[in-house]
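Undergrad: Structure provided below as structure tokens; questions to follow.
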Amino acid sequence: MNRMTPINKQLILRIGTVSLVLSLVLGFFSYYLAIYGAERFTVGLAIQTARQLIEKDGPFEGDTVFTKKEAEIAVKNLVIYGFFDVVEIYDKNWMRLGEYGSDASEAVHQELGMHGSLNGLVSEATHEVRYLNDGRRVFNVVVPLGKDGNASPRGYLEALRIIPPWREKQLLSIAYICAVIVAISTILSGLALYPFIASLIRDREAKSKRLLKSNVLLLKSLGEAVAKRDGETGIHNYRVTLLAVRIAEAFGFDVRKMESLIVGSLLHDIGKIAIPDHILLKSGKLSEQEFEIMKTHVSHGEDIVKNREWLHDAHDIVSGHHERWDGAGYPRGLAGNQIPLAARIFAVADVFDALCSKRPYKEAFDYETALSIIQKGSGSHFDPEVVQAFLTIVYEQYQKLKRSSEKEVHQDLDGCISRYLTAQLS
């Protein structure tokens, strides 16, 4: 049985999370709609009742002033037939003409005392929603009853409806059922789509890895092309990159930025493509004028990688690997933390490997001599903290690289690329 990949685990987790969130949101929404529907129904019923009380066949048909007897009959019928829990009718001066409701409902009505805040002219239906101490919800609606010649209400109908506990439980039950149905539907839909989504993700991942592999091969080829112009085989680029990665690991370099360190290390001298052979391959010391031309390989390298998508990740090292901690480097004379950290790390690796390598203008230094030069440069040429991290890994890495064949160096570099670049696609 195939082990579940991190991508598949993430996909299942996301389906589950979406199901939970949708069920909670839609469950709450269904509960809200049910409550809102009950509220609007109560208000609408009160408005319709008020209209019927004064229209044809109503008890107050044609009357300008309501009688107490008519009001008492009307409120009793409205409660008995289950329209409302408490009903009151007032004249236009808010004198109560009729009131009816059960003792329990009346107690609630007196506790809330809502109509007191509505005394005065009420030109259209208004309502309030309140809560009792036991959590029950109460809708209280006040509706003006008709208008006389002066366009003022002839009276007021106040109707109170209490949502009983069983109804609240019913609404919660409906919301819960809705949430469960949504969750199950989402999960089932996700499971049904899972094979197709997983297949698309695997296909995308495979294509991304192929693209990454092609890009890495391109980087290696570019680095090797520069190395061949410089009289190298390309192995220097790989050794320096490996050493820079090990220093970065010891230093605690941000893993998310390791990609830029690797890409920059492979392409650090790409600008040397533009340097004339008689300068680049000169076996003796360069003249001052020749050295100024040699230094332009940094700006040439910047031009090559600038705004080139993935190659742009190399910019920090390409532009900063010849800067010095004390500000005496080139091309900008940056000092201290002004120099990108990746460039400070790479500078130590680059110089150490160059010291240990044979070049047209020098023989290779032994380990102790090269190490001594790096230590002396701490605080002037190199970042002291980077040097400290370097000292913790240098002997082991030096011995390993010294024993390794070119093929083994390639393999180690591919391992770093797989760890820090390919892993970011997962």
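The values are calculated or read from the model by the stated rules, or taken from the named source; none is laboratory data. Just so we're clear, the structure is a prediction, and the values are computed from it rather than from any experiment. A quick note on method: Cβ atoms are made from the backbone with ideal geometry, for glycine too, and the neighbour counts reach across all protein chains shown. Note: areas computed on protein heavy atoms with side chains; ligands, DNA, RNA excluded. Shrake-Rupley method; radii C 1.70, N 1.55, O 1.52, S 1.80 Å.
Undergrad: Run Ser404 past the list (1) touching a helix residue (DSSP H, G or I) at 6+ places or on another chain (Cβ under 9 Å); (2) hydroxyl-bearing (Ser, Thr, Tyr); (3) under 17 Å from Val245 (Cβ atoms); (4) open to solvent by 40 Å² or more (accessible area, probe 1.4 Å) and report the number of the one that doesn't hold.
TA: Only one criterion in (1) touching a helix residue (DSSP H, G or I) at 6+ places or on another chain (Cβ under 9 Å); (2) hydroxyl-bearing (Ser, Thr, Tyr); (3) under 17 Å from Val245 (Cβ atoms); (4) open to solvent by 40 Å² or more (accessible area, probe 1.4 Å) is unmet by Ser404, namely (4).
Undergrad: Would it be correct to say that Glu259 is among the acidic types (Asp, Glu), on the phi < 0 side of the Ramachandran plot and modelled with pLDDT of 90 or more?
TA: Working: among the acidic types (Asp, Glu): yes; on the phi < 0 side of the Ramachandran plot: yes; modelled with pLDDT of 90 or more: no.
Against the criterion (among the acidic types (Asp, Glu), on the phi < 0 side of the Ramachandran plot and modelled with pLDDT of 90 or more), Glu259 does not qualify.
Undergrad: Go through segment 252-334 and tell me which helices (runs of 4 or more DSSP H), entirely inside it, have 3 or more residues that are farther than 25 Å from Tyr420 by Cα and open to solvent by less than 70 Å² (accessible area, probe 1.4 Å).
TA: Details: elements: 258-266, 277-280, 288-295, 297-305, 315-320.
Answer list for segment 252-334: 288-295, 297-305.
Undergrad: Hey, could you check segment 338-373 for residues that are aliphatic (A, V, I, L, M) and either open to solvent by 40 Å² or more (accessible area, probe 1.4 Å) or in a loop (DSSP other than H, G, I, E, B) (or both) and say which is farthest from Val255 (Cα to Cα)?
TA: To start, the set of residues in segment 338-373 that are aliphatic (A, V, I, L, M) comprises 339, 341-343, 345, 347-349, 351, 354-355, 364, 370-371, 373.
Going one step further and asking which of them are either open to solvent by 40 Å² or more (accessible area, probe 1.4 Å) or in a loop (DSSP other than H, G, I, E, B) (or both), we end up with 339, 341, 364, 373.
On the way: Ile339: 19, Leu341: 13, Ala364: 33, Ile373: 29 Å.
Step by step, filter segment 338-373, then rank; the result is Ala364.
Undergrad: Show the residue pairs meeting these rules: Cβ distance below 8 Å; 6+ apart or different chains; first residue within segment 194-213 and among the polar types (S, T, N, Q); second residue modelled with pLDDT under 70.
TA: Qualifying pairs under 8 Å: Ser208/Leu425.
Undergrad: Please work out which residue is nearest to the chain's Cα centre (by Cα), limiting yourself to segment 223-250 and to residues that are at pLDDT below 75, part of a helix (DSSP H, G or I) and surrounded by 13 or more Cβ atoms within 10 Å (Cβ to Cβ). Write out each step before concluding.
TA: Taking segment 223-250 first, the residues at pLDDT below 75 are 223-234.
This time we only want the ones that are part of a helix (DSSP H, G or I), so: 223-229.
Filter again for surrounded by 13 or more Cβ atoms within 10 Å (Cβ to Cβ), leaving 223-227, 229.
On the way: Gly223: 37, Glu224: 40, Ala225: 41, Val226: 41, Ala227: 42, Arg229: 46 Å.
Per the stated criteria, the residue is Gly223.
Undergrad: Residue under question is Ser23, and the condition is that it be crowded, with 17+ Cβ neighbours inside 10 Å, under 19 Å from Leu171 (Cβ atoms), modelled with pLDDT under 75 and not aliphatic (A, V, I, L, M); does it hold?
TA: Working: crowded, with 17+ Cβ neighbours inside 10 Å: yes; under 19 Å from Leu171 (Cβ atoms): yes; modelled with pLDDT under 75: yes; not aliphatic (A, V, I, L, M): yes.
Yes: the conditions hold for Ser23.
Undergrad: I'd like the full set of residues that are without any contact (Cβ under 8 Å) to a residue 40 or more places away in the chain and of a type in the set (Ser, Thr, Tyr), limited to segment 338-377.
TA: Within segment 338-377, Tyr367, Thr369, Ser372 meet the criteria.
Undergrad: More than 24 Å from His410 (Cα to Cα) and aromatic (Phe, Trp, Tyr): does that describe Tyr176? Let's see the steps before the verdict.
TA: On the way: more than 24 Å from His410 (Cα to Cα): yes; aromatic (Phe, Trp, Tyr): yes.
Judged against the criteria, Tyr176 is a match.
Undergrad: Against the condition farther than 30 Å from Ala335 by Cβ and open to solvent by 30 Å² or more (accessible area, probe 1.4 Å), how does Glu385 come out, does it pass? So that I can check it myself, show each step before the final result.
TA: On the way: farther than 30 Å from Ala335 by Cβ: no; open to solvent by 30 Å² or more (accessible area, probe 1.4 Å): yes.
It is false that Glu385 is farther than 30 Å from Ala335 by Cβ and open to solvent by 30 Å² or more (accessible area, probe 1.4 Å).
Undergrad: Tell me, which strands (runs of 3 or more DSSP E) wholly within segment 88-205 include 3 or more residues that are at pLDDT below 80 and surrounded by fewer than 13 Cβ atoms within 10 Å (Cβ to Cβ)? Steps first, please.
TA: Working: elements: 96-101, 126-131, 137-144, 155-163.
Because the criterion is at least 3 residues that are at pLDDT below 80 and surrounded by fewer than 13 Cβ atoms within 10 Å (Cβ to Cβ), no strands (runs of 3 or more DSSP E) in segment 88-205 meet it.
Undergrad: Quick one: which of Lys285, Lys306 is at pLDDT below 85, over 19 Å from Ala227 (Cα atoms) and over 42 Å from the mean Cα position of the chain (by Cα)?
TA: Working: Lys306 fails: over 42 Å from the mean Cα position of the chain (by Cα).
After ruling out the rest, the residue left standing is Lys285.
Undergrad: Output the qualifying pairs, or none if there are none: Cβ atoms under 7 angstrom, residues six or more apart or on different chains, first residue in segment 67-84 and touching a residue at least 24 places away in the same chain (Cβ under 8 Å), second residue of a type in the set (Asp, Glu) and not in a loop (DSSP other than H, G, I, E, B).
TA: Val75/Glu88; Val75/Glu99
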